[in-house]
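Values in this text are rule-based calculations from the coordinates and carry no lab data. Here the structure is a predicted model, which means the values were calculated and not measured. All Cβ positions, even for glycine, are placed from backbone atoms using ideal geometry, and neighbour counts span all protein chains on display.
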Amino acid sequence: MNTETMWTDFLAIAREEMGSRAVDTWLVAMHLARWDLATKTAYLHTPNSFVKDWVKNKYSDFLERHLARLLGEERIKILFVDDAVLPAYGVGISEPLSQPLVIVPAVRALTRQQRKRKDSDVVMLHEEYRFDNFVVGPHNSLAYAAAHAVSEKLGTLYNPLFLYGKSGLGKTHLLHAIGNSVRESARPCRILYQSANRFVTEFIKAIRFDTVYQFEAQYKSIDLLLVDDVQSLSNKEQTQEAFFHIFNVLHQARKQIVFTSDSLPSDIAGLADRVRSRLESGLVADISEPTLETKIAIVKKKSEQQGVVMHDDVAEYIASIGTSNVRDLEGALIRVFAVASLTKQAITVELARQALARHGEQKPVPQELDPVMVGRQVAGYYKISFDELRSQSRVKELTMARHVAMFLMKRLTNCSLRDISKCLARRDHSTVKHAVDKMERMVHDDQELLRSVKEIERQLLR
Ligand code: ADP
Ligand code: MG
C-alpha cells in the first residue's frame, strides 16, 4: 500500500468519525507524503501554515492514533510540513515508500495492544467525545441518561443499550463518552469501539483468510463493546450470523453492549428477526433534533472549548441558520472561527453572516479575502512558496502561477491593480493589468487552466 491509498483510507475513517465537514474543510487539502519506518515518522503536507497550525492544534491526536493504527504501529510521530514555504518547486509530491506498508486490521491491532497492556484495553476511543462536553437538552436527555447510567453500571442495567437517531445528532459522541468514562473510572475493562461497517469488513477478511474462529475469539474477550451504526449490517446475512453469535456470548457473560443506528431496529431493512429482537431486547433510546435553545447552548459550549467568547447574538445567529444537524452546526462554527482567524476580525453577527453565506445569491463577500491569502492559496495549489510567487524569476511554472494569482486577486478581493502589484512585488499596475487581461482570454480556451482557477477559488471561498 502506498502513502496515497493510506491517506485515502485515513480520510474515509476520519469522515466516519468526525464528519465530512471537518474533513472537507481541513484534511482533504493535505496529503501524506512519506512514511519513514526507521524513525516512525509520517510526513504530512499542508497547503499553508494556517491549515498546518489548525490541524496540528486540533487534530494531532486523532491523526496520530488512526495513522498509527493503519500503519500497524503502536505510536508514530507526525511531522507537519507547510507546503507554502517549501524551498523548491515540486518538492512535496508523494515520494515512493522505502518500505512497503503493512496494514494491521482493527482486530489484529487490538490483540497487539492486548499483549502490551495488562489491566485495561482501550481501542479507538475518541477522547474528545465525553459526557462533560455533551450538551443535554430535551431531544437527547433519555439517550444521555441511559448512556451515563450504563457507564456507571456495566452489563446490568440496560443491555444492550440501543441509541438511534438521524445522522449528526450525537450518537457516536455518546458512544465514545461511555467508553471514555469507563476507562477513566480505572476499572479494569477491555473496551472496543467499532463501527459495524468495520465489523463487516473485518469479518469478510476473516472469511477470506479462514480466521473466523480467531475473529470471534477476539471479540469475546471484550468487556464493553461499542458498536456504531449497526444499520450497516442490513442485508448482510452471514455477518449478522457472526454478530448474533458474538452478541449472545457477550450478553450471557453480562458484558455491556451499546449500539447506535440511524433507525429503529424494526426499520432496518434486511435484518434477520432474531438479530432484530436481540437489538431491541434492552433499552431503545432515541435522539431527536435539538431545539433552538439547545443549539445555542451547543454553539456556546463549543466556542468555550476553543477558548472563544461568543456573544449571545452571534451564538443565536449561528444556531438559527436552519440546520438541525449538530455536525453541520459544528461545521458552521468551524467556518466562522476560520474566517475570523484568517481575516483577523472579531466574531460578530456580520462576520458570521459572511462566513456562512452560501455560494450563489449570497456569495461570500470578496472583501473578506485579502491578496496575501489569495497568493498563498495559489502558491499552495501550485506547490511553490509565496516568495517564489513574488520573485522575479521567469520560470514558466512560476509565471503561470503568478498570472493565476493576479487574476484571482483581482476577481476575489477589492484591491486595486496597484495594490496587487505591490503584493506580488511587480513593477507597476500595468503588469497586473496585462496579466489579468491575458488570463481572461486564456481561461476561455484552456480547460485545464479553468479547472485549476475554479478549484483554487473554491478552496478560498469554502
Ligand atoms: P452521529 O453519530 O449521531 O451521526 P456524532 O456523534 O458524530 O453524530 O455528532 C456529530 C458532531 O456533533 C460531533 O462532533 C459531536 O461532538 C457533536 N454533537 C452532537 N450532539 C452534541 C451535543 N448534544 N453536545 C455537544 N456536541 C454534540
Ligand atoms: Mg455516528
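Mind running the shape call on region 377-462? Use the C-alpha gyration tensor, a ≥ b ≥ c as the square roots of the eigenvalues: rounded below 1.5 for a/c, prolate if a/b tops b/c, oblate otherwise. Mind showing how you got there, number by number?
Values: a/c = 1.31, a/b = 1.21, b/c = 1.08.
Here region 377-462 falls in the rounded category.
Sorting check: for 3-13, 166-176, which peptide has the highest mean count of neighbouring beta carbons within 10 Å, and how do the rest follow? Could you put the intermediate results ahead of the total?
Working: 3-13: 16.7, 166-176: 22.5.
Ranking, from highest mean packing down: 166-176, 3-13.
If I model a spin label at residue 350 and residue 448 as a point 7 Å from the Cα along the Cα→Cβ vector, what separation in nanometres do I get?
4.4
Subtracting the Cα-Cα distance from 0.36 nm times the residue separation, let me have the gained length for residue 276 to residue 61 in nm, one decimal.
Working: separation 215, 0.36 × 215 = 77.40 nm, distance 3.62 nm.
Extending this stretch completely gives an extra 73.8 nm.
How large is the helix-only mean residue ellipticity at 222 nm for the chain, computed as the sum of -39500 (n - 2.57) over DSSP H runs with n ≥ 4, divided by its residue count, in deg cm²/dmol to the nearest 500? Each step should come with its number before you reach the end.
Working: 19 runs with 241 residues, N = 462.
About -16500 deg cm²/dmol.
How much length would be gained if the chain were fully extended between residue 395 and residue 254, taking 0.36 nm per residue of separation minus their Cα-Cα distance, in nm to one decimal?
On the way: separation 141, 0.36 × 141 = 50.76 nm, distance 6.97 nm.
Result: 43.8 nm gained on full extension.
Students often check this: by mean Cβ neighbours within 10 Å, which of 381-388, 437-444, 299-306 ranks highest, and how do the rest follow?
On the way: 381-388: 20.6, 437-444: 13.8, 299-306: 17.1.
In decreasing order of mean packing, 381-388, 437-444, 299-306 become 381-388, 299-306, 437-444.
Give the angle, between 0 and 90 degrees and rounded to the nearest 10, that separates the Cα long axis of helix 447-461 from the longest principal axis of the Cα atoms of the chain.
70
Please sort 248-255, 331-338 by packing, taking for each peptide the average over its residues of neighbouring beta carbons within 10 angstrom, highest first. Mind showing how you got there, number by number?
On the way: 248-255: 14.6, 331-338: 20.5.
So the peptides 248-255, 331-338, ranked by packing, come out 331-338, 248-255.
By how many degrees, 0 to 90 and rounded to 10, does the Cα axis of helix 292-305 deviate from the longest principal axis of the chain?
The angle comes out near 70 degrees.
Mind checking the full-extension length gain between residue 341 and residue 28? Use 0.36 nm per residue of separation minus the Cα-Cα distance, one decimal, nm.
Working: separation 313, 0.36 × 313 = 112.68 nm, distance 1.98 nm.
Contour length minus Cα-Cα distance gives 110.7 nm.
Taking the chain as the reference, fit the longest principal axis to its C-alpha atoms, fit the long axis of helix 237-252 to the helix C-alpha atoms, and give the angle between the two in degrees, 0 to 90, nearest 10.
60
Calculate, in whole percent, how much of the Cα-Cα pair population of the chain lies beyond 37 Å.
Working: 38827 of 106491 pairs.
Of all Cα-Cα pairs in the chain, 36 percent lie more than 37 Å apart.
Quick one: P(r) of region 220-264 from all Cα-Cα pairs, 10 Å bins, percents rounded to integers, in order of increasing distance.
For region 220-264, the binned pair fractions read 26, 55, 19 percent.
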